[in-house]
Each structure stands twice: as C-alpha cells, then as structure tokens.
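Chemist: Below is one structure. I have some questions about it.
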Amino acid sequence: MTTWEQSRPLPGVRAMRTTLRTAHLIAFGMLYGGHVYGVPAGRLWPGLVATLATGGTLMALEIYCTPLWLVQIRGLATLFKIALVAAVAVYWDVRVALLTLAIIVGGIVSHMPGRYRYYSVVHRRVIAEQGSG
C-alpha cells in the first residue's frame, strides 16, 4: 500500500466528524434557505463562509485520515457538490436547482451502502478501512 492509500488514525476523529457535519448542515441550511426565500445576496455571506469553513475543514480531516478518500465515490461526490455550489456564482438564475442537486447528491451518497461509497475509481474495487465513516 502506498503512503496516500494508508489510513492515519486520529484520536477523537468520530466526534470531530460528527461535530463538523452537524455544523456544516446548519450552515448550509441557512445558505439554502436564504436562496430559496430570496434573501439579498449580501446577507448570504455569513452562511456561505460558514458552509465553506465547515465543509473545507471536514474535507481536510477526511483527506488527512485517508488520502484515498479523494478517489472513492464519497470523495468524488463531495468534489461534485463543491462544483455545484461554485456554479451558483455563474448560473445565478438556477441557483436553487443547483443547491438542491447538491443536497440530493449528498443525501444519496451518504446513505448508500459502503460497497459503493468506498469504491475507488483508481483501484476499481472497494477499499474500506476499519472504522471508516
């Protein structure tokens, strides 16, 4: 196994993931609701910053713990969700649809069986470590 495929144990990682995911859901909920209800763009900045901060931190934690995450379906889905959220800046008129699609992708991928979530597109097989989550 190469270095980037190896898992790095981190004390308290489960609690960190849970806390970051919860904060990320709250932040994105504020951002999404603001777009759905037509809140002026200037007032959406705190939700956007909080969403980026919590999501970026969660992503960094996942990559640190298991760099292989980047080539697994769960990581690729996250990169796709980031692209959808970034597309809002270019396709403002369809922002609610883009953000809704990001939610749908997240919901499906986070609840799909591990044999799909942990599938590595590079290795063409499931690679799941003990305690993956």
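Chemist: Need pairs with beta-carbon distance below 7 Å; first residue farther than 19 Å from Ile82 by Cα and within region 32-49, second open to solvent by 80 Å² or more (accessible area, probe 1.4 Å) and at pLDDT 95 or above; sequence gap 6+ or separate chains.
Modeler: Hits for this filter: zero, empty list.
Chemist: Taking region 60-81, which residues are out of contact with any strand residue (DSSP E or B) (no Cβ under 6 Å at 6 or more places or on another chain), open to solvent by 40 Å² or more (accessible area, probe 1.4 Å) and under 16 Å from Gly114 (Cβ atoms)? Please lay out each step first, then the result.
Modeler: Just the residues of region 60-81 that are out of contact with any strand residue (DSSP E or B) (no Cβ under 6 Å at 6 or more places or on another chain), to begin with: 60-70, 74-81.
So of that shortlist, the ones also open to solvent by 40 Å² or more (accessible area, probe 1.4 Å) come out as 60, 63-64, 70, 76, 79-81.
Listed by number, the list holds a single entry, Leu76.
Chemist: Determine whether region 82-105 contains at least one residue that is of a type in the set (Lys, Arg), within 27 Å of Ile127 (Cβ to Cβ) and surrounded by 11 or more Cβ atoms within 10 Å (Cβ to Cβ). Write out each step before concluding.
Modeler: In the first step, residues of region 82-105 are kept if they are of a type in the set (Lys, Arg); the result is 95.
Now narrow it down to the ones that are within 27 Å of Ile127 (Cβ to Cβ): none.
Taking every residue of region 82-105 in turn, none turns out to be of a type in the set (Lys, Arg), within 27 Å of Ile127 (Cβ to Cβ) and surrounded by 11 or more Cβ atoms within 10 Å (Cβ to Cβ).
Chemist: Tell me, yes or no, whether region 6-14 has at least one residue that is open to solvent by 30 Å² or more (accessible area, probe 1.4 Å) and at pLDDT 95 or above.
Modeler: No: region 6-14 contains no residue that is open to solvent by 30 Å² or more (accessible area, probe 1.4 Å) and at pLDDT 95 or above.
Chemist: Provide a single number: the residues in region 108-132 that are in a helix (DSSP H, G or I) and not aromatic (Phe, Trp, Tyr).
Modeler: 7
Chemist: If you don't mind, another one. Among the residues that make up region 96-107, is at least one of them hydroxyl-bearing (Ser, Thr, Tyr), assigned to a loop (DSSP other than H, G, I, E, B) and at pLDDT 95 or above?
Modeler: In the first step, residues of region 96-107 are kept if they are hydroxyl-bearing (Ser, Thr, Tyr); the result is 100.
Right, trim to assigned to a loop (DSSP other than H, G, I, E, B) and you get none.
Taking every residue of region 96-107 in turn, none turns out to be hydroxyl-bearing (Ser, Thr, Tyr), assigned to a loop (DSSP other than H, G, I, E, B) and at pLDDT 95 or above.
Chemist: Still on this structure: Just the residues that are open to solvent by less than 60 Å² (accessible area, probe 1.4 Å) and either of a type outside the set (Val, Ile, Thr) or free of Cβ contacts under 8 Å to residues at least 24 places away in the same chain (or both), please, taken from region 50-59.
Modeler: The initial filter retains those residues of region 50-59 that are open to solvent by less than 60 Å² (accessible area, probe 1.4 Å), namely 50-51, 53-56, 58-59.
Hits for region 50-59 are Ala50, Ala53, Gly55, Gly56, Leu58, Met59.
Chemist: Can you pull out the residues in region 108-133 that are surrounded by 13 or more Cβ atoms within 10 Å (Cβ to Cβ), modelled with pLDDT of 95 or more and not hydrophobic (A, V, I, L, M, F, W, C)?
Modeler: Tyr116, Arg117, Tyr118, Tyr119, Ser120
Chemist: Which of the residues belonging to region 54-95 are among the small types (Gly, Ala, Ser) and in a loop (DSSP other than H, G, I, E, B)?
Modeler: Ala89 - this is the single residue of region 54-95 that is among the small types (Gly, Ala, Ser) and in a loop (DSSP other than H, G, I, E, B).
The values are calculated or read from the model by the stated rules, or taken from the named source; none is laboratory data. Every value quoted in this text rests on a predicted model; they were computed, and no experiment measured them. Note that we place each Cβ from the backbone using ideal geometry, even for glycine, and neighbour counts take in every protein chain shown. Side chains are part of the model used for accessible areas, which takes the heavy atoms of the whole protein and leaves out ligands, DNA and RNA. Shrake-Rupley method; radii C 1.70, N 1.55, O 1.52, S 1.80 Å.
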